[in-house]
Structure formats: C-alpha cells, structure tokens
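S.K.: Right, I'll just put the structure down here and ask away after.
The values are calculated or read from the model by the stated rules, or taken from the named source; none is laboratory data. Here the structure is a predicted model, which is why all the values come from computation and not from measurement. Virtual Cβ from ideal backbone geometry, glycine too; neighbours counted across all protein chains shown. Protein only, heavy atoms only, side chains kept; ligands, DNA and RNA dropped before computing areas. Shrake-Rupley method; radii C 1.70, N 1.55, O 1.52, S 1.80 Å.
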Amino acid sequence: MIESFDAIVIGTGQAGPPLAVRLAQSGRKTAILERNRFGGTCVNTGCIPTKTLIASARAAYVARRAADFGVTIDGAVRVDMPRVKRRKDEVVAQSTGGVQKWLRGTPGVTVIEGHGRFESARVVRVGDRRLTAPEIFINTGGRPTIPPIEALTQIDYLTSSSMMDVDFLPELLIVIGGSYVGLEFAQMYRRFGSRVTVIEMAPRLIAREDEEVSQAVQSILENEGITVRLNAKCLAAERRGNDIAVQVSCEEEPRDIVGSHLLLAVGRVPNTDDLGLERAGVATDERGFIKVDDQLSTNVPGIWALGDINGRGAFTHTSYNDYEIVAANLLDHETRRVSDRFPVYALFTDPPLARAGITEREARASGRPVLIGQRPMARVGRARERSETQGFMHVLVDGETRRILGAALLGIEADEAIHCIVDVMTAGAPFTAIRRAVHIHPTVSELIPTVLGEMQPLI
Ligand SMILES: Cc1cc2nc3c(=O)[nH]c(=O)nc-3n(C[C@H](O)[C@H](O)[C@H](O)COP(=O)(O)OP(=O)(O)OC[C@H]3O[C@@H](n4cnc5c(N)ncnc54)[C@H](O)[C@@H]3O)c2cc1C
C-alpha cells in the first residue's frame, strides 16, 4: 500500500522543519522524515554544541587570565570534562527536543523516523512504508569527509561528530584541517588544557581568506600555544604504541607529529549518495551536490533541494534562507532567489572572525576602483577595556557606486558588529548611509561609522 501526501520533506536540518510547518499551514498534508536526531547537524553536532563547548573553553581561558583583571584565583584552574560535556548535552537536548516537539505538535505534519530513499520521482520508501507526493523537498545535509590518508583505517580517529562524545582531555590533539571546524576545536581543546597541533595542507590557515586575515588568526592561535604546521602535503598516519604519528612532510624535519588523539576536520560531503537520486532522475554535480536553479528547484519538476546538499551555502543561516526562498516562491507568490544573498559567516575562534561579501583579493581582481577603511582593535575602546586587543576591522567600498563590497572584522564581538555592515549591504544603501549614525559608546560597533569615514583607495 502506498500512503499519499501533498508534500514530503526528507531531513530535519535547518530548512526542513520550518518548511514542513509552513506547508502544513498552507493546507498540505505533509510528511517529514528523519533518520537520526531531530534538528540535524547544527543542533546535534554543529553550531549549537560547538558554541556551547567554546563557552566552557572561554570560561577556562578567562579564569586563567584572572590576574590580568586584578582577580585572584587561589589554586589551579581545572576543567572538568565530564561536566563540560554534560552541559553541552543539556543545551543540545533542549534544542533537538524542541524541534521534535514542534513538528509532532503541528497539525497536518506527520513525523516518520527512518531513512528515506527515492523509488521514483514521486515515491519515497522509509523502511516498509512507501509514501507518495507531488512535491518533495530534500534537506539531508552532510557529514564529515574522511580523507584518503595512508593507513588511516588502522587508527581510531575522531571527526567533528564523534568529538561530541568526548568527555576526557586528550593529552596531545592533532587536528588535520586548518579551516573553520578544525580551528574552533583546536582553540577549544587548547583552552581545556590539551597540547594541540594543527596540520594544514595549504600554505596558510583558512586559505580562502585574505593573507593578512590568515596570518592574524594564526598568530592568535600560536599566542595560546597551539602549534601550526602548514604545507603538509605528504600526509600519512600510523599507530605508534599508544600514540598516533602523522607524517606531514617527506623532506622537511620534523617529518612526523606524534599525538594521543587525531581529529579529522577537512570538510564535509553531502548526504546524497544513499538517497536513490538516480531513481528519481535528480542530477548531482561531480562532488555529489544536487544541482538546483536560482529558486532551489532540481532538474526534476516537483523536487527541491535545500541546505548544504545544494552546494549553495554551508551554514545554518543559508539553509534557513533556502527555506525562506522556497516558501516565498511556492506559498507567498513572491519572487526570491539564492543570487539575492551575499556571503556572510563567522569563524568562532576567540576573538571571532566575521566576514561579509568579498575579500580584498577578490576586490582587487574585480578591476573596479575600491576604497578600504581599516582600524586595529587596539584602537577600539571596548577591546582595550577588555584587554583583548587582537585583530582589526577592514571594510571595502566600491569607489563608484559607494556600496559596501565586503568586510573582515577580526576581534572581540566582531560576530555581532558585522551586522551593521550586513544590514547596509542588504538595504543596497551607500556606505554613507551610516557614516553619521550615532552608535552606543563603548561598543565595537560604534567604530564602524568611524571606519567608514576614513576610506582610502585600496592599493
Ligand atoms: C562542527 C560544526 C560546526 C558548525 N558551526 C556552524 C556555525 O557556527 N554556524 C553556522 O551557520 N553553521 C555551522 N555549521 C554548519 C551547519 O551545521 C550546517 O550548515 C547546517 O546544519 C545546515 O544543514 P542542513 O539544513 O543542510 O542539514 P543538516 O543540519 O545536516 O540536517 C540534515 C538532516 O537530514 C537527516 N537525513 C539525512 N539523510 C536522510 C535520509 N535519507 N532520510 C531521512 N533523514 C535523513 C540527517 O540525519 C540530518 O538530521 C557547523 C557544522 C559543523 C560540522
């Protein structure tokens, strides 16, 4: 027997649940499928748990620096890893439980637990059940990439997902991957008390950013005692007694880094290989991402792909924005497109790096006249008051249109302050729109109008 629905949503990531609720509210009988934990990556193994752990790590960091603020702590600062994990688990449980309760409590939504797989463009199988609907929405997210490193199968390695079960302190954590996920874990574990080495194959960390940004982030991490090994092109791993040895170079000494634990943080692959997409005729690219148009329709009419699986974003806010785009086009008779958004994201090291729009490298390559406004965090009152003056603010403006092209804010509260820039860019207003804005003193954001008032040609 086949069960008929008006809509099927596969996956409860950041787009699926709000979309299922909107579809049901529009009168569609909607099924939503989840094979694992409700809320997907962000809620269970991504943003929420990592930022909760980062908060514990920061507490340890500030406690160790207490004397800088005139505060005396008698005795050593110790981190209770089981309690750190328990706190993280509690925060996660609240969120995942909230998503599940919301879906189960919404009239018109049927929650089905199990792995969904297409049998055809209109039929999805979950265990013994076969479901059909004229509209199917895929939000199945991604999982950590396991790189083809020699002898990796002989080693117990960790990924960003299995790190969530760690309730002990690794003595020496080797992190392969010097990008967002790897660097957040590296700093977090250093602050918990591990010795940490980051291994990166590229010549610099977070290589998609400008060189100055990469170097500043590297210095911030090295200042806390993290070892960074770049240009690691000759990777291999082996068990050495109780330890793990990672070969990083074939020529340069030391060739090996030896540690107690190994975390692989080299990117993510889309969960599209086990969906039966070929039976539905849904096209993917060479890396497995589902091909979509500007409104997130796949090549098969009646099937949409939202979130990390479409390769058009890799963040919670892009996945949620995908939901808004599909809902607006389908249910609100508005026209919204993916191409209307520009890149915004943060690296939640401490201090964080917040980014919007294009980089300086991209601005130069555009050949347009570009202006830059800059300020070191050492000249931001809030940063000095907090004794946390590492980093800088860079804002780029198109010399002709006067529009903001991009920004890199590296410093305390940069992840909040960036929204001054994001909002002006979204409004399509010239940078002068906020040059005379009165911002609250003493904040990081108060200096953004000042930065915009001191624009110079980008050389
Ligand atoms: C360590 C880490 C930290 C991160 N930090 C941030 C951050 O700070 N900010 C940020 O914006 N982003 C962050 N991200 C990225 C963010 O988590 C994702 O971009 C976000 O979760 C969007 O994912 P999604 O909606 O595409 O799907 P996901 O959240 O990945 O959810 C997909 C869901 O589909 C389910 N599923 C898969 N296949 C099937 C199937 N066949 N049948 C049924 N169910 C299925 C999965 O079990 C999962 O629950 C982080 C990611 C990681 C790994």
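S.K.: For the stretch 12-27, name all the residues that are open to solvent by 10 Å² or more (accessible area, probe 1.4 Å) and either closer than 28 Å to Met163 by Cβ or near the ligand (Cβ under 9 Å from one of its atoms) (or both).
M.R.: The answer is Gly13, Gln14, Pro18.
S.K.: Suppose we filter Gly178, Gly182 for residues that are closer than 30 Å to Ile358 by Cβ, at pLDDT 95 or above and assigned to a loop (DSSP other than H, G, I, E, B); which single one remains?
M.R.: Going through Gly178, Gly182 in turn, the sole match is Gly178.
S.K.: Within the stretch 409-422, which residues are within 15 Å of Val397 (Cβ to Cβ) and open to solvent by 10 Å² or more (accessible area, probe 1.4 Å)?
M.R.: Those that are within 15 Å of Val397 (Cβ to Cβ) and open to solvent by 10 Å² or more (accessible area, probe 1.4 Å): Cys420, Val422.
S.K.: Could you say which residue among Glu278, Glu286 is within 27 Å of Glu200 (Cβ to Cβ) and without any contact (Cβ under 8 Å) to a residue 24 or more places away in the chain?
M.R.: Going through Glu278, Glu286 in turn, the sole match is Glu286.
S.K.: If you don't mind, there's one more thing I want to ask. Kindly indicate the residue of the stretch 102-139 that is within 17 Å of Gly40 (Cα to Cα) and either of a type in the set (A, V, I, L, M, F, W, C) or free of Cβ contacts under 8 Å to residues at least 60 places away in the same chain (or both) and also surrounded by the most Cβ atoms within 10 Å (Cβ to Cβ) among those meeting that condition.
M.R.: Going through the qualifying residues, I end up with Ile138.
S.K.: List the helices (runs of 4 or more DSSP H) that sit entirely inside the stretch 28-106 and contain at least 2 residues that are over 19 Å from Asn139 (Cβ atoms) and either within 16 Å of the ligand (Cβ to nearest atom) or at pLDDT below 95 (or both).
M.R.: Per the criteria, 47-64, 81-104.
S.K.: Of the residues in the stretch 5-21, how many are among the hydrophobic types (A, V, I, L, M, F, W, C) and in a loop (DSSP other than H, G, I, E, B)?
M.R.: Matching residues across the stretch 5-21 total 2.
S.K.: Taking the criterion of being in a helix (DSSP H, G or I) and either buried (at least 20 other Cβ atoms within 10 Å of the Cβ) or free of Cβ contacts under 8 Å to residues at least 60 places away in the same chain (or both), would at least one residue in the stretch 192-207 satisfy it?
M.R.: Yes, the stretch 192-207 contains a residue that is in a helix (DSSP H, G or I) and either buried (at least 20 other Cβ atoms within 10 Å of the Cβ) or free of Cβ contacts under 8 Å to residues at least 60 places away in the same chain (or both).
S.K.: Please verify whether Val451 is assigned to a helix (DSSP H, G or I), surrounded by 14 or more Cβ atoms within 10 Å (Cβ to Cβ) and in contact with a Phe, Trp or Tyr (Cβ under 8 Å, 6 or more places away or on another chain), treating the condition exactly as stated.
M.R.: The answer is no for Val451.
S.K.: Does Glu334 meet the test of being more than 16 Å from the ligand (Cβ to nearest atom) and more than 28 Å from Tyr157 (Cβ to Cβ)?
M.R.: yes
S.K.: Would it be correct to say that Leu263 is within 16 Å of the ligand (Cβ to nearest atom), in a loop (DSSP other than H, G, I, E, B) and touching a residue at least 24 places away in the same chain (Cβ under 8 Å)?
M.R.: No: the conditions fail for Leu263.
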